[in-house]
Amino acid sequence: MSGSAPGAKSSPEQPWPVRVVSDQIAAWIHRLGAVWVEGQITQLSLRPGTRTAFLTLRDPSVDNSLTLTCPPRLISEAPVPVTEGSRVVVRGTPRFYTGRGSFSLQVSEIRPVGVGELLARIERLKQALSAEGLFDPRLKRPLPFLPACVGLITGRASAAERDVVEVARGRWPDVRFAVRNTAVQGVSAVPQILDALAELDADPVVDVIILARGGGSVEDLLPFSDEALIRAISTCRTPVVSAIGHEPDSPLSDLVADLCAATPTDAAKRVVPDVVEERRRIAEARARTARALRAWVDREQHQLSAVRSRPCMANPHGLVDSRAEIVAEALRAARRDITRIIDSESTSLGHLSARLTTLGPAATLARGYAVVQSVAGPNDGRVVSSIADAPPGSQLRIRVADGALSAAVLGATPAAGRPTRVPDPDPTSPTSPTSEEQS
């Protein structure tokens with residue numbers, strides 16, 4: 001119902017009127033009270049004769065803005081001129097205008113942010129990020145020696161872009177660039193740079209990214225000390241080179257980047273090698289290598305010549321020849337000694353052989369002696385050394401020098417003065433004496 005109380009719950013059957021909703025919103029907003037807000041003025045509307053000036057205050061880091069209203073005297077009487085692009089701190093009260101359904105911040109005080117305050121804020125942010133370890137040198141990634149494609153984030157048609165491209169291609173004509181033109185100052189700089197940085201980092205063709213901008217004031221270089229940009233650089237997978245301003249300028253991007261270049265031209269020189277210089281280094285390296293190789297060959301040849309000049313290498317058979325006479329003399333001496341020993345032993349053998357011949361049975365037989373052996377009976381082959389060994393009738397074999405004779409014993413004559421050994425009687429012999437004859 002259109003007449004429903006503001007405290008009653010709304011429903012399809014009892015909806016709130018627009019004025020009630022506007023009043024409720026205004027009541028909640030007005031309870032916020034006065035606040036201090038910092039930002040950058042992007043739009044300023046100040047018409048002569050009007051009682052209200054309209055401004056747009058934007059957050060440099062993100063795409064957020066507020067509408068401000070203030071008396072024109074706050075702008076005209078400001079100690080520092082307030083213009084579009086100025087960074088300011090304002091004190092205002094939120095207002096919701098129910099008639100138009102619009103929101104604005106009614107400003108009662110405007111304070112321009114001075115350079116000292118900006119530097120102090122940058123220093124506080126620097127200390128906070130350093131404590132997190134974002135500036136740790138161990139996190140720095142090495143740059144590729146010869147990048148095939150270089151990502152370049154810079155202003156459109158800027159001197160920084162021209163310097164980087166011309167210097168890089170003058171050093172290495174085959175280098176390629178992926179250029180992303182963005183705002184490099186002002187309220188839209190940080191969002192555009194973040195988008196370009198994310199796009200180049202995601203491109204697998206890009207080997208290194210250069211952030212390039214010429215010199216400027218502290219306010220102009222503020223986007224490159226923005227916390228959102230610093231954190232984005234620290235998370236990039238691709239190496240990032242910061243070439244912001246000139247050497248005295250030191251935005252926080254210089255500390256978080258993998259390489260800090262003094263100028264955009266210096267960045268091009270440090271990212272892209274000089275083809276002329278590299279060819280000169282290659283030629284010098286080849287010359288040093290050739291000299292070292294020649295010196296090594298000469299040194300080895302000298303050592304080889306020294307080895308070959310040694311007597312044992314100049315005349316390899318000399319050592320053998322010098323020892324050949326010694327070996328021959330040793331052989332002759334050995335032959336003489338062996339011959340002498342053989343002759344001596346041969347003489348001794350001859351003497352022994354002569355003695356053996358003299359003392360042997362053959363020599364005795366040759367002098368007329370004979371060997372008598374019994375032939376039959378139990379003493380067959382036995383040498384007869386006594387007449388008792390060959391009784392009458394015994395068969396004998398008589399060996400002489402040139403043969404043997406067969407004989408039979410007819411009788412025996414004892415030698416004078418020697419006793420006669422009586423042989424054992426043979427009971428089978430017919431001539432054996434009887435017991436009576438023996439007695």
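The values are calculated or read from the model by the stated rules, or taken from the named source; none is laboratory data. None of these values were measured; they are calculated from a predicted model. Virtual Cβ from ideal backbone geometry, glycine too; neighbours counted across all protein chains shown. Keep in mind that these areas ignore ligands, DNA and RNA; they rest on the heavy atoms of the full protein, side chains included. Shrake-Rupley method; radii C 1.70, N 1.55, O 1.52, S 1.80 Å.
Quick notes on this one:
- For region 353-377, the candidate set comprises residues that are in contact with a strand residue (DSSP E or B) (Cβ under 7 Å, 6 or more places away or on another chain) and in a loop (DSSP other than H, G, I, E, B); within that set, the residue that is nearest to I398 (Cα to Cα) is A370.
- Filtered residue count, region 66-80, keeping only those that are farther than 18 Å from T42 by Cβ, open to solvent by less than 50 Å² (accessible area, probe 1.4 Å) and part of a loop (DSSP other than H, G, I, E, B): 1
- Filtered by the rule that a residue be open to solvent by 40 Å² or more (accessible area, probe 1.4 Å) and either on the phi < 0 side of the Ramachandran plot or of a type in the set (V, I, T) (or both), region 149-160 gives R156, A159.
- Residues (at pLDDT 90 or above and surrounded by fewer than 11 Cβ atoms within 10 Å (Cβ to Cβ)) located in region 138-148: R138, P142
- Condition check for G101: out of contact with any helix residue (DSSP H, G or I) (no Cβ under 9 Å at 6 or more places or on another chain) and either basic (K, R) or open to solvent by less than 70 Å² (accessible area, probe 1.4 Å) (or both): no
- Of all residues in region 234-248 being open to solvent by less than 10 Å² (accessible area, probe 1.4 Å) and either under 17 Å from I122 (Cα atoms) or small (G, A, S) (or both), the one that is farthest from the chain's Cα centre (by Cα): G245
Quick grid of which residues meet (1) over 30 Å from E219 (Cα atoms); (2) part of a helix (DSSP H, G or I); (3) touching a helix residue (DSSP H, G or I) at 6+ places or on another chain (Cβ under 6 Å):
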residue: A26; (1), (2), (3): yes, yes, no
residue: L32; (1), (2), (3): yes, no, no
residue: V82; (1), (2), (3): no, no, yes
residue: V107; (1), (2), (3): no, no, no
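- In region 53-65, the qualifying residues are those that are of a type outside the set (F, W, Y) and open to solvent by 60 Å² or more (accessible area, probe 1.4 Å), and the one that is farthest from the chain's Cα centre (by Cα) is S65.
- L211 vs. criteria open to solvent by less than 40 Å² (accessible area, probe 1.4 Å), of a type outside the set (D, E, K, R), farther than 19 Å from G245 by Cα and modelled with pLDDT of 90 or more: no
- When A157, A196, A168 are checked against the criterion of being closer than 28 Å to I41 by Cα, in a helix (DSSP H, G or I) and either in contact with a strand residue (DSSP E or B) (Cβ under 9 Å, 6 or more places away or on another chain) or small (G, A, S) (or both), a single residue qualifies: A196.
- Residue match in region 111-120 (condition: at pLDDT below 90 and closer than 30 Å to P239 by Cβ): yes
- For region 272-296, the set of residues classified as farther than 25 Å from C149 by Cβ and β-branched (V, I, T) consists of T289 only.
- Only residues that are closer than 22 Å to F54 by Cβ and under 60 Å from the mean Cα position of the chain (by Cα) were counted in region 72-126, giving 8.
- As a summary of the residue check, R19 satisfies the conditions (1) under 25 Å from P223 (Cβ atoms); (2) surrounded by fewer than 15 Cβ atoms within 10 Å (Cβ to Cβ); (3) not acidic (D, E) except for the one numbered (1).
- Candidate set from region 258-308 (those that are small (G, A, S) and outside any helix (DSSP H, G or I)); member that is modelled with the highest pLDDT: A261
- Test: residue in region 42-64 that is among the small types (G, A, S), part of a loop (DSSP other than H, G, I, E, B) and closer than 25 Å to L222 by Cβ: yes
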